[in-house]
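Colleague: Here's a structure for you.
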Amino acid sequence: MDKDISRKLFYTIGEVAKMFDVNTSLIRFWEKEFDIIKPKKNKKGNRLFTQNDVDNFHIIYHLVKERGFTLQGAKDKLRENKQETIDNFEVVKTLKKMKRFLLEIRSEI
């Protein structure tokens, strides 16, 4: 999940699953469960996720996998105050980057 991947216009379901180290079935399940994820589909019916969809997956992943919310709890949290949830996620993401950076500095000293 923390790996930086160059930004593209669309990501396949396999690429999204690899970003989060989960099965594609979980991606399809979350797509059905959360209305904030709306992938485009090509003529073959393959899902094409935008960067916005990937960002929403990050938030859902953070709530469910990292903070231990149930699916219903994550839905309620996003429905009640989505912006606060996004802001909190951004703070956590920034703090994780800072921690990695500081650990790198410590290992070089």
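Colleague: Kindly express, to the nearest 10 degrees and within the range 0 to 90, the angle between helix 51-61's C-alpha long axis and the longest C-alpha principal axis of the chain.
Modeller: 70 degrees
Colleague: For n ≥ 4 DSSP H runs only, could you compute -39500 (n - 2.57) per run for the chain, divide by its residues and tell me the 222 nm figure to the nearest 500?
Modeller: Per the formula, -20500 deg cm²/dmol.
Colleague: Take the chain, compute every pairwise Cα distance, and split them into 5 Å bins from 0; I just need the percent in each bin.
Modeller: Taking every Cα pair in the chain, the percentages come to 2, 11, 20, 23, 18, 13, 7, 4, 2, 1, 0.
Colleague: Continuing with the same structure: Can you give the relative contact order of segment 11-108 as a percent, counting alpha carbon pairs under 8 Å and 6+ residues apart?
Modeller: The value is 19 percent.
Colleague: If exposed means no more than 11 neighbouring beta carbons inside 10 Å and the site is in a DSSP loop, what's the longest run of the chain without any exposed trypsin sites (Lys or Arg not before Pro)?
Modeller: That gives 45-109 as the longest site-free run.
Colleague: For helix 71-108, report the angle its Cα long axis makes with the longest principal axis of the Cα atoms of the chain; keep it between 0 and 90° and round to the nearest 10°.
Modeller: Roughly 40 degrees, rounded to the nearest 10.
Colleague: Hey, what do the phi angles of segment 26-38 turn into as Karplus ³J(HN,Hα) couplings, whole Hz, using 6.51/-1.76/1.60 and θ = phi - 60°, x for Gly and Pro?
Modeller: 5, 4, 4, 5, 5, 4, 6, 7, 10, 6, 7, 9, 9
Colleague: What is the set of long-range amide H partners of Arg47 at a cut-off below 5 Å, with H atoms built 1.01 Å from backbone N?
Modeller: Ile13
Every number in this text was worked out from the coordinates using simple rules, so none of it is lab data. The structure presented is a predicted model; accordingly, all values stated were derived computationally and were not measured. Don't worry about glycine lacking a Cβ; one is built from the backbone with ideal geometry, like all the others, and counts go over all protein chains shown.
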